[in-house]
Amino acid sequence: MYAFRYHRPSSMKDALALGSQNEEGKYLAGGQSLVPILAFRLAAPKLLVDLRKLTDLRAIKITPDGVVLGAMARWCDIESDARLRTAHPLLVAAIAHVAHYQIRNRGTVGGSIAHADPAAEMPGIAMTCEAEIAVMGKAGPRTIKAADFFQGALTTALKGDEIIVEIRLPPWPDGRRWGFQEFARRRGDFALAAAALFYDTDVAGKATNAHVGVIGVADRPRRLPSVEAVLNGAAVDAATIAKAEATTTAAIDPDSDIHASGAYRKALAGTMVERALKMAVEQTP
Ligand SMILES: Cc1cc2nc3c(=O)[nH]c(=O)nc-3n(C[C@H](O)[C@H](O)[C@H](O)COP(=O)(O)OP(=O)(O)OC[C@H]3O[C@@H](n4cnc5c(N)ncnc54)[C@H](O)[C@@H]3O)c2cc1C
């Protein structure tokens, strides 16, 4: 590792003071994305400001307004929090696919949102669920909608000095149907493609309020309004699911890379939406 300065402040005020005074600095959370980047010399910040002592940022709160994930909550904290299995089952199902045991013990929600890998699960859940991202900077606090936050691969609306404080997921009503499906080459690898979705049902059993997101098929996680339109007002039966799958593949145009061709990813995303819808239908609400 190259030489850099390291600080571990105990307060948000001190962290912001360090972060805003040093243009060549970076915040450090779990280090599971940043440290490999430094090791490969893809970035070489001169200062790391470790957020580990900001213990207030570790909380996971279940409130009437939804689930609030502190930025420093780790994957293993979400996994072991039994309340979340009913408060936000889609989140829990998605996070089960993140990385491996050792990484899950250190990697954080805020680090993943700030890193904005297009194939990462947490940004996909934030986008699908219309999360709000609360940040603090030298200019004060602000809240950014997930749809405005992710601006491209590893690119976000965060300003250099801003620290993500929490991620707010809207309330999850009883009886909501949901599905999460992911395909990766090995368990714990980043998704080649994944689908996260949910819908509520009206008195006639038809879908309402459909939210459909895909991960790993564009430069950022995407919601698919055309697929949501297929579901809203429809009975989610075999014909609707087939239409949703076809509409998914028509709505995306993934690039090819060393892991998969664009055509493969396109077909795979359709299959992930199909399987996620079948999962939702088979649930006992
Ligand atoms: C082998 C391997 C496999 C992985 N597989 C997956 C996977 O399948 N799915 C997945 O989603 N992730 C995966 N990851 C990434 C892992 O989940 C990371 O933990 C996560 O992306 C980043 O979280 P972190 O806390 O480690 O952040 P760090 O690495 O510490 O930081 C990442 C970036 O976020 C910034 N940052 C961190 N916290 C904040 C904050 N509160 N405010 C502002 N900026 C902040 C940092 O400055 C840095 O730019 C994998 C990692 C490895 C090494």
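Hey, how many Å between the Cα centroid of segment 198-270 and the Cα centroid of segment 66-137?
If we compute the Cα centre of each part, the gap is 22 Å.
For the chain, what is the calculated [θ] at 222 nm in deg cm²/dmol (nearest 500), taking -39500 (n - 2.57) for each run of four or more DSSP H residues and dividing by its residue count?
On the way: 12 runs with 98 residues, N = 285.
Result for the chain, helices only: -9500 deg cm²/dmol.
Which longest run of the chain has no exposed loop site in it, a site being GluC sites (Glu not before Pro) in a DSSP loop with at most 12 other beta carbons within 10 Å, and the site itself not part of the run?
It runs 25-285.
Gain in length, L154 to K138, computed as 0.36 nm per residue apart minus the alpha-carbon separation, to one decimal in nm?
3.5 nm
Please compute the modelled spin-label separation between E24 and D219, points set 7 Å along Cα→Cβ, answer in nm with one decimal.
Modelled inter-label distance: 2.8 nm.
What Kirkwood hydrodynamic radius, in Å, does segment 28-69 give when the mean of 1/r is taken over all pairs of distinct Cα atoms and then inverted?
After inverting the mean inverse Cα-Cα distance, the result is 12.6 Å.
Pull out a ≥ b ≥ c, the square roots of the eigenvalues of the alpha-carbon gyration tensor of segment 100-197, then state rounded if a/c is under 1.5, prolate if not and a/b is larger than b/c, and oblate in the remaining case.
Details: a/c = 1.91, a/b = 1.33, b/c = 1.44.
Cα axes put segment 100-197 in the oblate bin.
On average, how much accessible surface per residue is there in segment 44-153, in Å², for a 1.4 Å probe, leaving out ligands, DNA and RNA? Provide the component values of the computation, followed by the final result.
On the way: 4500 Å² over 110 residues.
On a per-residue basis, 41 Å².
With the Cα gyration tensor of segment 129-285 giving a ≥ b ≥ c as the square roots of its eigenvalues, does the rule (a/c under 1.5 for rounded; else a/b larger than b/c for prolate; else oblate) give rounded, prolate or oblate?
Details: a/c = 2.22, a/b = 1.29, b/c = 1.73.
Oblate shape, in that a/c is at least 1.5 and b/c is the bigger or equal ratio.
Which residue, R220, R74, R41, has the most motion in a Gaussian network model of the chain that connects Cα atoms within less than 10 Å?
Sorting by GNM fluctuation, first place goes to R41.
Give the relative contact order (percent, whole number) for segment 1-157; include only Cα pairs under 8 Å separated by 6+ residues.
Reported relative contact order: 19 percent.
Could you order peptides 80-89, 104-113, 263-272, 51-60 by the average number of other Cβ atoms within 10 Å of their residues, highest first?
The packing order, highest mean first, is 104-113, 263-272, 51-60, 80-89.
Rounded to the nearest 5, what % of DSSP beta bridges with both residues in segment 15-138 are antiparallel?
Restricted to segment 15-138, the bridges split so that about 55 percent are antiparallel.
Compute from the Cα atoms of segment 163-238 the Rg and the Dmax, the latter being the longest Cα-Cα distance, and quote both in angstrom.
For segment 163-238, the Cα-based Rg and Dmax read 14.6, 45 Å.
For the chain, build the charge dipole from Cβ charges (+1 Lys, Arg; -1 Asp, Glu) around the Cα centre, then report which of V67, M12, A126 sits farthest towards its positive end.
In the chain, that residue is M12.
What list of ³J(HN,Hα) couplings, whole Hz, do you get for segment 166-173 from phi and the Karplus terms 6.51, -1.76, 1.60, once you set θ to phi - 60° and write x for glycine and proline?
Result, ordered by residue: 7, 10, 10, 9, x, x, 10, x Hz.
Does segment 238-281 classify as rounded, prolate or oblate by the C-alpha gyration tensor (a ≥ b ≥ c root eigenvalues; a/c under 1.5 gives rounded; else a/b over b/c gives prolate, otherwise oblate)?
Values: a/c = 3.86, a/b = 2.06, b/c = 1.87.
Judged from the Cα gyration tensor, segment 238-281 comes out prolate (a/c at least 1.5, a/b above b/c).
What is the log10 of I(q)/I(0) for segment 1-91, computed with the Debye formula using one identical point scatterer on each Cα and no solvent, at q = 0.13, 0.26 Å⁻¹?
Computed log10 I(q)/I(0) values: -0.55, -1.24.
With θ taken as phi - 60° and the coefficients 6.51, -1.76 and 1.60, list the Karplus ³J(HN,Hα) couplings across segment 197-202 in order, rounded to whole Hz; mark glycine and proline as x.
8, 8, 8, 9, 10, 8
Got a sec to turn the phi values of segment 228-245 into Karplus ³J(HN,Hα) couplings, 6.51 cos²θ - 1.76 cosθ + 1.60 with θ = phi - 60°, whole Hz, x for Gly and Pro?
Once θ is set to phi - 60°, the couplings for segment 228-245 become 4, 5, 5, 7, 4, x, 10, 6, 7, 10, 4, 5, 5, 5, 4, 5, 5, 4 Hz.
With N set to the residue count of the chain, report its C-alpha Rg divided by 2.2 N^0.38 Å to two decimal places.
1.02
Run the numbers on the chain and let me know its relative contact order in percent, using alpha-carbon pairs under 8 Å that are six or more apart.
15
For the chain, with all protein chains present and a 1.4 Å probe, just round the carbon and sulfur fraction of the accessible area to a whole percent.
53
Taking 0.36 nm per intervening residue step and subtracting the Cα-Cα distance, what contour gain separates N209 from D65 on full extension?
Roughly 50.1 nm would be gained on extension.
Please compute the contact order of segment 213-285 in relative form: average sequence separation of alpha-carbon pairs under 8 Å and at least six residues apart, divided by the residue count, as a percent.
30
The values are calculated or read from the model by the stated rules, or taken from the named source; none is laboratory data. If you're wondering where the values come from, they're calculated on a predicted model, not measured in any experiment. Ideal geometry is used to build each Cβ from the backbone, glycine not excepted, and the neighbour counts take in all protein chains shown. Only protein heavy atoms, including side chains, enter the accessible area calculation; ligands, DNA and RNA are left aside. Shrake-Rupley method; radii C 1.70, N 1.55, O 1.52, S 1.80 Å.
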